Amino acid sequence: MQNKKIHQGRNIKRFREMLGIKQEALAFDLGEDWNQKKISLLEQKETIEEDILERISQILKVPVEAIENMDEEQAVNIIANTFDNGSILNGINHNPSFHPIDKVLQLHEEKIAL
C-alpha cells in the first residue's frame, strides 16, 4: 500500500471542470465570503477543511470520499489498462458486425409489412 498524499484541492478542480462549473459559479454557491480568487487558492491547497469539503461536495453533488480519495494517477492507469485499440468508447462502434445498408433495408421491409 502506497503512502501517497492525495491533493484535495486538485481533486476539487478536476471534479469542477468535469462538471463544467466555473470558479465564479462555485464561489457564488459557497456564499458572499467567496470569490474566484479564493476558489483558485483553495484548489491549490493539498488538504481542505472538513466543513468546506462537505459544502463543496454538496454543491458538486460528489461524495466527500471521492474528493478525499481520488488519485488521478491511479485513474489514468486504470483507463490506460482497460481500453485498447479495439475498445468501444461511448457506445460508438466503428466496426459493426453488420452492413448498415442491409439494416436500413430490413427496417424498411418491416415497415412495409406492418
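Observations, loosely collected:
- Segments classed as helices (runs of 4 or more DSSP H), wholly inside segment 19-114, with at least 3 members that are at pLDDT 95 or above, open to solvent by less than 100 Å² (accessible area, probe 1.4 Å) and more than 22 Å from Ile6 (Cα to Cα): 23-30
- The condition of being under 15 Å from the mean Cα position of the chain (by Cα) and either part of a helix (DSSP H, G or I) or under 21 Å from Asp71 (Cα atoms) (or both) holds for Arg16.
The values are calculated or read from the model by the stated rules, or taken from the named source; none is laboratory data. What you see is a predicted model; the values in this text were computed from it and never measured. Note: accessible area is taken over every heavy atom of the protein model, side chains too, but ligands, DNA and RNA are not part of it. Shrake-Rupley method; radii C 1.70, N 1.55, O 1.52, S 1.80 Å.
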